[in-house]
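Every number here is computed from the coordinates shown, using simple stated rules; none is lab data. Every value quoted in this text rests on a predicted model; they were computed, and no experiment measured them. No Cβ is skipped: glycine too gets one built from the backbone with ideal geometry, and neighbour counts run over all protein chains shown.
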Amino acid sequence: MKIGVISDLHGYPKKFDMALEILKDCEVILCAGDILYHGPRNPILEGYNPIELAEKINNSEIPVIIAKGNCDAEVDGMVLDVPVFSPIVFYEKDGLRIIVLHGHDFDEAKLKSIAKFYKANLVITGHTHVRKYEKIDGVTYINPGSIGVPKGDGKPSCVKIEDGKIKFINLENGNILEEYNI
């Protein structure tokens, strides 16, 4: 099982291409939202092109499953062939139960409650644009950071889940930034 994880693309197709290159052997890519729009607090950087990004997502050979972020709107459905309407996505593979959500409207207590209710092993959020790994009461919580507008250390990143490991990977050079057990 190999699962890719991305979040906070914010309209940057070349960054999506970089993530696809790293995640090319994954069977699915889970996305924690904020796909096309740059967002009101994010700068518009070189390479911003939401139409081109939509085309790349639509033509991806790897299925992309997207949870709706706070910058995703119904109008995005006019250019995306994949639905972005659910604020929470559930994915299960080989006994690993995963919940994906953007996380902008869930505090830690609510995330724990949702994880417990659905017996999740892994909860994936986005929104902060900062990588995060935390294990609480046997549940792993991660944020892959942002591929489009990274914050924190400024390194655009994605995650690859394989062989019981969570690998945070730098998009710019493919190096593993951090690695943890699920």
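Applying 1/(1 + (r/R0)^6) with r as the Cβ-Cβ distance of residue 165 and residue 137 and R0 = 25 angstrom yields a FRET efficiency of 0.75. Normalised radius of gyration (Cα atoms, divided by 2.2 N^0.38 Å) for the chain: 0.93. Filter 14/112; 24/165; 56/116 down to the pairs with a C-alpha to C-alpha distance above 29 Å, please. Beyond 29 Å: 14/112; 56/116. Per-residue extension of 0.36 nm, minus the Cα-Cα distance of residue 94 and residue 2, leaves a gain of 32.1 nm for this segment.
Across segment 121-182, Cα pairs under 8 Å and at least six residues apart give a relative contact order of 24 percent.
Applying 0.36 nm per residue to the separation of residue 153 and residue 45 and subtracting their alpha-carbon distance, the gain on full extension is 37.2 nm. Using a Gaussian network model of the chain in which every pair of alpha carbons under 10 angstrom is joined by a spring, one finds that among 95, 39, 148 the greatest mean-square fluctuation is at 95.
Put a dot 7 Å past the Cα of residue 110, heading toward its Cβ, do the same for residue 61, and the two dots end up 3.9 nm apart. Ordering 171, 146, 181 by Cα displacement along the dipole of the chain toward the positive end leaves 181 in first place; charges were set at the Cβ atoms of Lys, Arg (+1) and Asp, Glu (-1). Considering only 5, 117, 58, and ranking their Cα positions along the charge dipole of the chain that arises from unit charges at the beta-carbon of Lys, Arg, Asp and Glu, the one farthest toward the positive end is 117.
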